[in-house]
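My structure is below; once you've seen it, I'll send some questions.
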Amino acid sequence: MRVLLALTMMIALLLPATAQDDAAPWQATVTGQIEAFRSGDGAAALTFAAKGFRTQFEGQPDAFYAAIIATGYQPIVDSRSHSFGEFNKVSETIVMQVVKFVGPDQGLYEALYQLGDEPDEGWRVLGVALKKEEGVGI
């Protein structure tokens, strides 16, 4: 009986990891862009953006970085940490991914990322909606 219980618990622990593995391609894109923002690398951050952004800011990665800050995304740029929440695969090429942040002010933030699987590019960020949450991050 103990063996059966232990086996059941091990399987239960593996299930969330499997779900995360399914999301890994677009989560790697989100993490890559966040890390680029944190290091002040506008050129690298732009490579994770969708084609529309890459076209609009072609040859102007500093302008892209400045636009991100100017439009209220400083908590992402200066975040201390991030973690992934729920996601919804809208179609084979569109995903909505919740990302939680601890900001530079220890404030909590939640972002809803829309990502698209672009041909020959992979998963790219189409847009982000950010909101401040109640509470303090640790």
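The values are calculated or read from the model by the stated rules, or taken from the named source; none is laboratory data. The structure displayed is predicted, hence computed values, not measured ones. Here Cβ is always computed from backbone atoms with ideal geometry, including for glycine, and neighbour counts include all displayed protein chains. Heads up: the accessible areas ignore ligands, DNA and RNA and are worked out on the full protein's heavy atoms, side chains in. Shrake-Rupley method; radii C 1.70, N 1.55, O 1.52, S 1.80 Å.
Kindly establish whether V98 is open to solvent by less than 50 Å² (accessible area, probe 1.4 Å) and farther than 25 Å from G52 by Cα.
no
Related question: Restricting attention to the stretch 84-93, which residues are touching a residue at least 24 places away in the same chain (Cβ under 8 Å) and outside any loop (DSSP other than H, G, I, E, B)?
F84, G85, F87
Let me ask something additional. Can you pull out every residue in the stretch 111-138 that is part of a loop (DSSP other than H, G, I, E, B) and touching a residue at least 24 places away in the same chain (Cβ under 8 Å)?
E121, G137, I138
Now a separate question. Mind counting the residues in the stretch 101-113 that are buried (at least 16 other Cβ atoms within 10 Å of the Cβ) and either of a type outside the set (A, V, I, L, M) or closer than 12 Å to A50 by Cα (or both)?
Of the residues in the stretch 101-113, 5 are buried (at least 16 other Cβ atoms within 10 Å of the Cβ) and either of a type outside the set (A, V, I, L, M) or closer than 12 Å to A50 by Cα (or both).
Being touching a strand residue (DSSP E or B) at 6+ places or on another chain (Cβ under 8 Å), open to solvent by 70 Å² or more (accessible area, probe 1.4 Å), charged (D, E, K, R) and modelled with pLDDT of 95 or more narrows it down to one residue among E118, E134, E86; which is it?
On inspection, the qualifying residue turns out to be E86.
Right, another one. Does Q56 count as surrounded by fewer than 18 Cβ atoms within 10 Å (Cβ to Cβ) and either at pLDDT 95 or above or in contact with a strand residue (DSSP E or B) (Cβ under 9 Å, 6 or more places away or on another chain) (or both)?
Considered against the rule, which asks whether it is surrounded by fewer than 18 Cβ atoms within 10 Å (Cβ to Cβ) and either at pLDDT 95 or above or in contact with a strand residue (DSSP E or B) (Cβ under 9 Å, 6 or more places away or on another chain) (or both), Q56 comes out as yes.
Right, another one. Evaluate the following for A17: is it among the hydrophobic types (A, V, I, L, M, F, W, C), modelled with pLDDT under 95 and closer than 25 Å to I138 by Cβ?
It is true that A17 is among the hydrophobic types (A, V, I, L, M, F, W, C), modelled with pLDDT under 95 and closer than 25 Å to I138 by Cβ.
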